[in-house]
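Throughout, read-outs are computed from the coordinates displayed, never taken from laboratory work. No experiment lies behind these values; they were computed from the predicted model shown. Reconstructed Cβ throughout: ideal geometry from the backbone, glycine too, with neighbour counts over all protein chains shown.
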Amino acid sequence: MRKVHKALFCCGSRPELIKISPIYHHLKTIAEIAPFLCITGQQKDLLTPHLENLEITPDFQLDVMRKGQSLDQLMERLFVQLPDIFDECQPDIVIIQGDTASALASAVIAHKKNLPIAHIEAGLRTYDKSSPFPEEIYRQNISALTKWHFCPTEMTRENLLRENVTEDHIFVTGNTSVDMILATYQKTKSIDYSISLPRKGTNPYFLITLHRRESQGAPLIRIANSLLDFAKSRPEFDFILPLHPNPATSHMIKHLLGAQKNIYLITPLPYPQFVHLMANAFAIITDSGGIQEEAPSLNTPVIVVRNTTERTEGIESGCLRLAGTSKDSILYELNLLIDDKTHYKKMQQAPNPFGDGRAASRIAAHLKNILERNLEPPWKI
């Protein structure tokens, strides 16, 4: 009788769940693999509503979030609660995605228990430990513990090779975020979600997302004041900004932008509605990493309000522009989009370098091959 291999996914944030979802469903169709999902609760309020949309029921749920807790306190709770899940599940492989606290803690626990780690979205780098913080630190440490690295692009593969990762442990697959956004858009493009938005009229709009930890404080104030000036100068456009639940970000944004008539601050949206907003936006202004991967598949230009990006492939392709966090550079990039129609069209038509919608099937096939080899521990990195 053929062995059924247990694959334990560990995730804590909304982007992680969205990006592992297509892999999880692919593995469900493989008789030799039994996928299990542990939700750490790192972003419980943002993540829980998506489980039904994504048709996933977690096997294990932790309770690690506390109001106002520090990163150290979050990691401490993860290190206390995760080992029991690993002991109960007894997985053959642990699958993590990205560069969150949940991903790093899961990697550390898996390594301690001599379990092989598969890292989805491996090899992203800025080589600046302060930007993005703490993600750059987390992902470099995750790579050091990982056995199997699933890279979204050739550039991320080259990053790992420069770090002396074994070449035949690296697979270039594309990013599963592209799989998800293409599938979701096809399902929802005929649905009119506009009735759920608090704005009137049909002005073209910019979609804005701001949440990064390193943007808090002076950078966020600069970005918000730049957007306020831009909104005042462009009354023919609306600006829609779903607020992140982190009060350090949302309180500041409400204070700086809440009174401007053509800026609409809304609560976080379910993924299908958010995809609809992305697809119909004139452009997106963001400090998010995932949106840089997703929006080009919808032909929506992206202005990145960060000083660095680990997704430089998008800059080279032309679908992203890195505006930084200074007022002059942000206003220059935003005005250029409106005033230079050739530039705008070029960004719209630039190819998405982050995937073709088939990353999950490639990853699932590799995982099946890896597990069927039935390699014995100890797992050497």
Item checked: Stokes-Einstein D (µm²/s) once Rh is taken as the Kirkwood radius of the stretch 30-141 over alpha-carbon pairs, at 37 °C in 0.692 mPa s -> 218 µm²/s
Check: Picking from 350, 283, 295, which is most flexible by a Gaussian network model of the chain using Cα springs under 10 Å?
Finding: 350
Item checked: Proportion of all alpha-carbon pairs of the stretch 1-79 beyond 14 Å (%) -> 63 percent
Note to self: Quick check on the stretch 193-349: what does the Kirkwood estimate of hydrodynamic radius come out to from the alpha carbon pairs, in Å?
What the structure shows: 15.5 Å
Next item on the list: Could you pull out every whole DSSP H run in the chain that spans at least 24 Å of Cα extent along its own axis and averages -1.0 or higher on the Kyte-Doolittle scale?
Entry: 71-89
Notebook entry, point to check: Build a GNM of the chain with springs between Cα atoms under 10 Å: which of 95, 208, 85 gets the top mean-square fluctuation?
Noted result: 85
Next item on the list: Using the charge dipole of the stretch 193-349 (Lys, Arg: +1 at Cβ; Asp, Glu: -1 at Cβ; taken about the Cα centre), state which of 336, 320, 208 has its Cα farthest towards the positive end.
Entry: 208
Notebook entry, point to check: Under 5 Å between amide H atoms, partner at least 5 residues away or on a different chain: which partners does residue 34 have, H built in plane at 1.01 Å?
Noted result: 5, 6, 7
Note to self: Please check: in the Gaussian network model of the chain (C-alpha springs, under 10 Å), which one of 212, 362, 162 has the largest mean-square fluctuation.
What the structure shows: 162
Notebook entry, point to check: Gain in length, residue 192 to residue 248, computed as 0.36 nm per residue apart minus the alpha-carbon separation, to one decimal in nm?
Noted result: 16.9 nm
Checklist line | Candidate lysines for bridging to residue 368, where Cα separation is under 26 Å - those fewer than 8 sequence places away on the same chain excluded | finding: 3, 6, 19, 28, 112, 113, 147, 380
Margin query: Output needed: percent of Cα pairs per 10 Å distance bin for the stretch 184-261, bins running from 0 to the one holding the longest distance.
Written below: 15, 44, 29, 11, 0
Next item on the list: Would you please calculate the Kirkwood hydrodynamic radius of the chain over all C-alpha pairs and express it in Å, rounded to one decimal?
Entry: 21.4 Å
Check: Roughly speaking, what is the stretch gain from residue 221 to residue 144, that is 0.36 nm per residue apart minus the C-alpha to C-alpha distance, in nm to one decimal?
Finding: 24.2 nm
Margin query: For the stretch 49-88, place one equal point scatterer on every Cα, skip the solvent, and apply the Debye formula. What is log10 of I(q)/I(0) at q = 0.18, 0.30 Å⁻¹?
Written below: -0.66, -0.94
Check: Which FRET efficiency, nearest 0.05, do residue 202 and residue 53 yield, Cβ-Cβ r, R0 22 Å?
Finding: 0.20
